[in-house]
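The values are calculated or read from the model by the stated rules, or taken from the named source; none is laboratory data. Just so you know, these numbers come straight off a predicted model, no measurement behind them. A quick note on method: Cβ atoms are made from the backbone with ideal geometry, for glycine too, and the neighbour counts reach across all protein chains shown.
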Amino acid sequence: MSLVKSISGIRGTIGGPVGEGLNPLDIVRFTAAYAVQRHIALPDNKKIVVGRDARISGEMVDYVVTGTLIGMGYDVINIGLATTPTTEIAVTAEQAAGGIILTASHNPIQWNALKLLNEHGEFLNDAEGKQVLKIAEEEGFVFAPVEQIGHVTHKDYLPYHVEQVSGLQLVNKPAIEAAHFTVAIDTVNSVGGLAIPAMLKALGVTNIIGLNTEPTGHFAHNPEPIPQNLKQISDLMKEGRADVGFVVDPDVDRLAIICENGEMFGEEYTLVSVADYVLSHTKGNTCSNLSSTRALSDITRAHGGTYSAAAVGEVNVVTEMKRVNAVIGGEGNGGVIYPAAHYGRDALVGVALFLSLLAQKKMKVSELRQTYPNYCISKNRIDLTPAMDVDNILAHVKEVFKSERINDIDGVKIDFKEGWVHLRKSNTEPIIRVYSEAATMAEADALAHKVMDII
């Protein structure tokens with residue numbers, strides 16, 4: 001069993017000995033630590049939002065988290081089954097001190113997690129996250145006396161979220177409705193089964209083919225929205241039954257798109273296509289993480305903007321987006337961050353903006369995909385031994401390739417003319433991740449091995 005602690009929260013497999021799995025005692029400890037940290041940051045704000053995905057451990061985790069927070073003197077706005085972006089916008093709508101999202105995102109059924117938000121509905125920054133981890137290791141939590149325990153209010157924030165997204169200036173509801181799209185969806189038996197149909201109906205889409213939409217938490221397939229897990233919806237699309245397919249992960253912050261012929265649009269190209277649409281209406285800059293496709297940079301330059309790269313991690317991308325005043329950004333895993341909505345990855349925003357683009361272009365999804373620069377990303381790894389010094393390895397790689405463009409804000413990224421290679425140490429495994437990109441998969445593999453062979 002596993003328990004992984006990071007600045008953005010804790011995640012683990014359900015059950016097992018204390019300290020090895022995500023069990024009630026550890027949940028209490030980290031929830032209480034978060035409450036203490038929020039009190040230090042905002043001593044006069046005693047309100048926290050809690051939302052969860054549909055995984056089968058969610059109810060247990062919810063009860064423990066909510067009980068701990070009211071025991072620490074916080075009032076809880078419990079929004080029940082809710083997407084990650086819904087929980088994020090609920091924090092700001094409630095003017096709460098923060099929020100806890102109970103989701104292990106794309107991880108399998110035995111996992112769950114506490115994702116921790118600040119008062120802006122954004123993930124805790126590095127300093128705040130480390131403060132929570134430090135507090136959690138200390139003994140002596142002080143719980144509220146009986147007169148000061150909090151209370152729980154239950155609310156449904158999905159209608160508010162859908163209304164906010166459908167009302168965005170660049171969401172073209174009349175064009176989407178006029179296009180009479182038939183949309184297939186796979187929401188992997190989680191909260192997307194509630195959120196995505198609601199979003200589509202608000203946009204005027206009446207022809208919806210749903211796969212795995214009942215939020216039972218018993219995932220019909222591996223929940224990560226990558227090609228090898230999407231055969232069911234791909235086969236449906238090959239039958240010519242829908243114009244576009246949308247797939248989300250269990251907490252609905254990642255969006256994968258399927259072409260009308262069953263081919264993958266490519267998770268990297270969710271952000272690229274949405275950015276193309278946004279930039280065609282709003283001039284400005286973009287941002288993604290270092291391991292995301294170069295196509296976003298190409299599209300940004302074509303629209304007269306400037307592209308910026310951030311360290312891997314949503315909080316890092318958001319920080320960089322704010323620094324460069326990006327009008328659109330995100331991550332290459334299908335995560336769209338649109339500041340006009342909020343600073344968080346949001347598949348509902350991705351669906352609304354992509355359908356607006358598709359209605360504007362009046363072309364098939366596969367034809368739209370062909371209008372973008374074509375790159376392939378290869379993902380490799382180097383297993384570390386105790387004798388290997390990662391810092392020395394990365395320093396050596398930088399020296400060997402010093403004549404190329406180097407970015408070392410997160411590991412080492414080498415930009416070659418024909419592509420790039422990004423090396424970074426994993427936060428959860430004893431490995432160096434080696435991602436590379438080029439015009440073909442063979443070329444991307446060759447670039448990766450060019451660097452790996454040196455190591």
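The table below lists the values:
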item: Enumeration of residues in region 416-447 that are farther than 16 Å from Gly332 by Cβ and aliphatic (A, V, I, L, M); result: Leu423, Ile431, Ile432, Ala439, Ala442, Ala446, Leu447
item: Filtered residues of region 12-34 (kept if among the charged types (D, E, K, R) and under 18 Å from Lys130 (Cα atoms)); result: Asp26, Arg29
item: Total residues in region 224-262, condition at pLDDT below 95 and either touching a Leu at 6+ places or on another chain (Cβ under 6 Å) or surrounded by 23 or more Cβ atoms within 10 Å (Cβ to Cβ) (or both); result: 1
item: Qualifying residue in region 113-131 (condition: within 14 Å of Gly9 (Cβ to Cβ), among the basic types (Lys, Arg) and buried (at least 18 other Cβ atoms within 10 Å of the Cβ)); result: yes
item: Conditions (1) part of a helix (DSSP H, G or I); (2) in contact (Cβ under 8 Å) with a residue 60 or more places away in the chain; number of the one not met by Val76; result: (1)
item: Listing of strands (runs of 3 or more DSSP E) fully contained in region 253-318 that carry 3 or more residues being in contact (Cβ under 8 Å) with a residue 60 or more places away in the chain and more than 16 Å from Arg369 (Cα to Cα); result: none
item: Hey, Asn112 part of a loop (DSSP other than H, G, I, E, B) and polar (S, T, N, Q) or not; result: no
item: Yes/no for Val188 being within 23 Å of Cys259 (Cα to Cα), in contact with a Pro (Cβ under 6 Å, 6 or more places away or on another chain), surrounded by 12 or more Cβ atoms within 10 Å (Cβ to Cβ) and not basic (Lys, Arg); result: yes
item: Where a residue in region 399-418 is among the charged types (D, E, K, R) and its partner, wherever it lies, is assigned to a loop (DSSP other than H, G, I, E, B), with Cβ under 8 Å and at least six apart; result: Asp410/Leu290; Asp410/Ala311; Asp410/Val312; Lys413/Leu290; Asp415/Glu404; Glu418/Ala439
item: Criterion (among the charged types (D, E, K, R), modelled with pLDDT of 95 or more and either in contact with a Gly (Cβ under 6 Å, 6 or more places away or on another chain) or surrounded by fewer than 23 Cβ atoms within 10 Å (Cβ to Cβ) (or both)) met by exactly one of Asp62, Asp26; result: Asp62
item: Members of region 133-184 that are part of a loop (DSSP other than H, G, I, E, B), under 29 Å from the mean Cα position of the chain (by Cα) and free of Cβ contacts under 8 Å to residues at least 24 places away in the same chain; result: Gly167
item: Filter result for the condition that a residue is of a type in the set (A, V, I, L, M, F, W, C), over 24 Å from the mean Cα position of the chain (by Cα) and either farther than 15 Å from Met452 by Cα or not assigned by TED's automatic domain parsing to the domain that holds Ala202 (or both), over Ile337, Ile382; result: Ile382
item: Every residue from region 185-221 that is in contact with a His (Cβ under 8 Å, 6 or more places away or on another chain), of a type outside the set (S, T, N, Q) and not in a helix (DSSP H, G or I); result: Val188
item: Subset of region 281-298 that is of a type in the set (Val, Ile, Thr) and crowded, with 23+ Cβ neighbours inside 10 Å - its residue that is nearest to Glu268 (Cα to Cα); result: Thr293
item: Flag if Thr103 is surrounded by fewer than 21 Cβ atoms within 10 Å (Cβ to Cβ), under 24 Å from the mean Cα position of the chain (by Cα) and of a type in the set (Ser, Thr, Tyr); result: no
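Every residue, every condition in (1) assigned to a loop (DSSP other than H, G, I, E, B); (2) surrounded by fewer than 23 Cβ atoms within 10 Å (Cβ to Cβ); (3) touching a Lys or Arg at 6+ places or on another chain (Cβ under 6 Å), yes or no:
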position	(1), (2), (3)
Ile10	no, no, no
Gln37	no, no, no
Ile48	no, no, no
Gly51	no, no, no
Arg55	yes, no, no
Thr86	no, no, no
Thr92	no, yes, no
